[in-house]
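Student: Have a look at the structure that comes next, please.
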Amino acid sequence: MTMRRAVIVDDERLARRELSYLLQSHPEIEVAGEAGSVKEAAQLIERTRPDLVFLDIQMPQENGFELFERTSVTAEVIFVTAYDQFAVRAFEVNALDYLMKPVNPQRLRQAVERFLARRGRPEDCPRTLAYEDAIFVAVGQAPRFIKISSLECILAEGDYTRLVGATGSIGLVLKSMKEWEALLPSRQFCRIQRSVIINCERVVRFEPWFNSSYQVYLQHVVQPFTMSRRLARRFRDRFGI
């Protein structure tokens, strides 16, 4: 049995103790340490390099998300919260998870099993998002939730991709075009060239271009994108081109 190291981040000492106690029923998980603040958590993570972090979202005068700004978190993260507003499907569809306080042992078991399945079979990690979902990504150094429906397009930039919304560039994300293709709902999103994925719901018109290609205009993007005639076939019935 391979042991996985975990750390618990919560400002409430009793909450940390309770979760640590519940994790004793999961011999695959070794609690490597506990932290009562984001600052302590950053130091603990850098020291122990855990596989899993149980992270309280709301702590006095700080937000659990600030941990991602203080240190590089390569571990899987299971959010812990007492607030229903954070218990959104975005946690599940991104293979992250959340636990509501007080933590239910059966719900904890489900989260641990999901974590172990991810670590053991990384090829199973991508899950297709629904159009109404949100995704938790680090935009630059700031982790945040992005609504899938808010995206106009995604552009490749080296090892990164740039997310573009209705008001312009949202920022760079360390995620490949291939990863986005696996995640995004194919009914609404299509890769029209090697470096461009568009939100088909935001297409306003097509215009003929050179060599039987087309220029694709999106609702809030000034410059059009070029799409080959071959790729345009999938849009023919939907847009009448």
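Student: Go through the range 8-52 and report how many residues are of a type in the set (A, V, I, L, M, F, W, C) and touching a residue at least 60 places away in the same chain (Cβ under 8 Å).
Tutor: Number satisfying all stated conditions: 6.
Student: Taking helices (runs of 4 or more DSSP H) that do not extend beyond the range 60-177, which have at least 3 residues that are at pLDDT 80 or above?
Tutor: 105-120
Student: Then there's this: Scan 216, 204 and give me the residue that is exposed (fewer than 14 other Cβ atoms within 10 Å of the Cβ) and part of a strand (DSSP E or B).
Tutor: 204
Student: Okay, next question. Look at residue 231 and say whether it is surrounded by 15 or more Cβ atoms within 10 Å (Cβ to Cβ), of a type outside the set (Lys, Arg) and modelled with pLDDT under 90.
Tutor: Against the criterion (surrounded by 15 or more Cβ atoms within 10 Å (Cβ to Cβ), of a type outside the set (Lys, Arg) and modelled with pLDDT under 90), residue 231 qualifies.
Student: A further question on this structure: Need the failing condition index for residue 43 against (1) at pLDDT 95 or above; (2) part of a strand (DSSP E or B), just the number.
Tutor: Every condition holds for residue 43 apart from (2).
Student: Considering (1) touching a strand residue (DSSP E or B) at 6+ places or on another chain (Cβ under 6 Å); (2) under 22 Å from residue 160 (Cα atoms), say which one residue 206 fails and leave the rest.
Tutor: Evaluating residue 206 over (1) touching a strand residue (DSSP E or B) at 6+ places or on another chain (Cβ under 6 Å); (2) under 22 Å from residue 160 (Cα atoms) leaves (2) as the failure.
Student: Kindly indicate which of 226, 167 is more than 27 Å from residue 74 (Cα to Cα), surrounded by 14 or more Cβ atoms within 10 Å (Cβ to Cβ), more than 20 Å from the chain's Cα centre (by Cα) and in contact (Cβ under 8 Å) with a residue 24 or more places away in the chain.
Tutor: Checking each option against the conditions leaves just 226.
Student: If I go through the range 46-59 residue by residue, how many of them are at pLDDT below 95 and polar (S, T, N, Q)?
Tutor: Of the residues in that region, 1 qualify.
Student: Among 186, 212, which is farther than 29 Å from residue 134 by Cβ and not basic (Lys, Arg)?
Tutor: Answer to the check: 212.
Student: I'm checking my understanding of the structure. Among residues of the range 12-33 that are surrounded by fewer than 19 Cβ atoms within 10 Å (Cβ to Cβ) and of a type in the set (D, E, K, R), which one is nearest to residue 112 (Cα to Cα)?
Tutor: 28
The values are calculated or read from the model by the stated rules, or taken from the named source; none is laboratory data. Just so we're clear, the structure is a prediction, and the values are computed from it rather than from any experiment. When we count neighbours, we look across all protein chains shown, and the Cβ atoms used for this are built from the backbone with ideal geometry, even at glycine.
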